[in-house]
1. Can you tell me which residues in the range 109-137 are out of contact with any strand residue (DSSP E or B) (no Cβ under 9 Å at 6 or more places or on another chain) and either buried (at least 23 other Cβ atoms within 10 Å of the Cβ) or not in a loop (DSSP other than H, G, I, E, B) (or both)?
2. Going residue by residue through the range 220-243, is there one that turns out to be more than 27 Å from R96 (Cβ to Cβ), of a type in the set (V, I, T) and open to solvent by less than 10 Å² (accessible area, probe 1.4 Å)?
3. Any chance the range 268-285 includes a residue that's charged (D, E, K, R), open to solvent by less than 40 Å² (accessible area, probe 1.4 Å) and at pLDDT 95 or above?
4. Considering (1) exposed (fewer than 15 other Cβ atoms within 10 Å of the Cβ); (2) under 27 Å from T192 (Cα atoms); (3) modelled with pLDDT under 90, say which one Q50 fails and leave the rest.
5. Specify the residue that is surrounded by the fewest Cβ atoms within 10 Å (Cβ to Cβ); the eligible residues are those in the range 55-102 that are small (G, A, S) and under 16 Å from R171 (Cβ atoms).
6. For S202, indicate whether it is among the polar types (S, T, N, Q) and surrounded by 20 or more Cβ atoms within 10 Å (Cβ to Cβ).
7. How many residues, within the range 293-313, are open to solvent by 10 Å² or more (accessible area, probe 1.4 Å) and not in a helix (DSSP H, G or I)?
Amino acid sequence: MRKPRSLRTVGALAAVLALTLAGCGTSDDDGPARGGPRAEAAADRVEPLQAVPAPKLPVTVRSADGKRVTVADTSRIVPLTGSLNEIVFTLGLGGRVVARDITATFQQAAKLPVVTRAHDVSAESVLSLKPTVVLADTTTGPAEAIDQIRAAGIPLVVLEPAKSLADVSPRIEAVAAALGVPKAGAELTSRTQQRISKVRKSVPAEARKPRVAFLYLRGSASVYLLGGRESGAGSLLEAAGAIDAGKASGLKKDFTAITSEALAKAAPDAILVMSKGLDSVGGTDGLVKIPGVAETPAGLDRRVVSIEDGVLLNYGPRTDRVLKSLVDQLYEDAK
């Protein structure tokens, strides 16, 4: 759990992911790649900075929608996406957060009231919590809800969504600046980048880079999509020493419907999926029954990499864990 760039990459996946988290049943399956334990389990919690920062307010920042917003009080924060919630908590400000988006799946946020409906923001729910600042991104909607929150006089800062590893630091710093804790933002950025760099150095040196196809699956709705150049997973795969099979096969959009022909052209050595998506099709046994999957090198080897929905494409403080999970599962035979 995140309208493929017709769904708009991160916004796309966030929307469909919200539906997956809300309506996807789970089933026993044979786990990821050849039966190994799920490496993403540790990503269910965030790791806040040790020192709780004291916001220096007021601050005035430029919102991604062009408005200048002054934040004078951060005692009641409402982040409207899971990834923003994750950053706020990791900065050490989780005690000030009073709501969450349905895609905020980490344990520390579990008891917070949800203010989205299938990822659409409920302005009434947000306003009922008397927030002092609201954080959104450009994929948050509907626009009427955003306008209603602003019309009530609540400072609302819109941020650009993170779409790749290069966006991790700017995203953290932008959130920290909006909340008056730039030093904490710099500290978290440094920690995150050091951890990502450490994982990248652990990638085995292989003569041949594995081709990995990112599939978005939602079996309950018969949604089976193959990620292309704009899927959002490309920079992770490249950092893991892999080739994005969809992108390499010439798919220029974010996602396209899975066909035997498209999979044959992509010819993946491994398949990357979200864990709930894998569950929704009945695990690896169900995945290889999707037309064309069994005929790929990945399908023949049952080489499947599964990462938790709520962290895979967040590109935030837990991205090092996502990358480590990807590397560990992808190269398990090389270790």
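1. R117, H119, D120, A123, E124, L127, S128
2. The answer is no; no qualifying residue exists.
3. yes
4. Only one criterion in (1) exposed (fewer than 15 other Cβ atoms within 10 Å of the Cβ); (2) under 27 Å from T192 (Cα atoms); (3) modelled with pLDDT under 90 is unmet by Q50, namely (3).
5. A64
6. The answer is no for S202.
7. So the answer is 5.
The values are calculated or read from the model by the stated rules, or taken from the named source; none is laboratory data. Predicted, not measured: the structure shown is a model, and the values here were computed from it. Glycine gets a Cβ as well: all are built from the backbone with ideal geometry, and neighbour counts include every protein chain shown. Quick note on the areas: whole protein, heavy atoms, side chains included, nothing else; ligands and nucleic acids left out. Shrake-Rupley method; radii C 1.70, N 1.55, O 1.52, S 1.80 Å.
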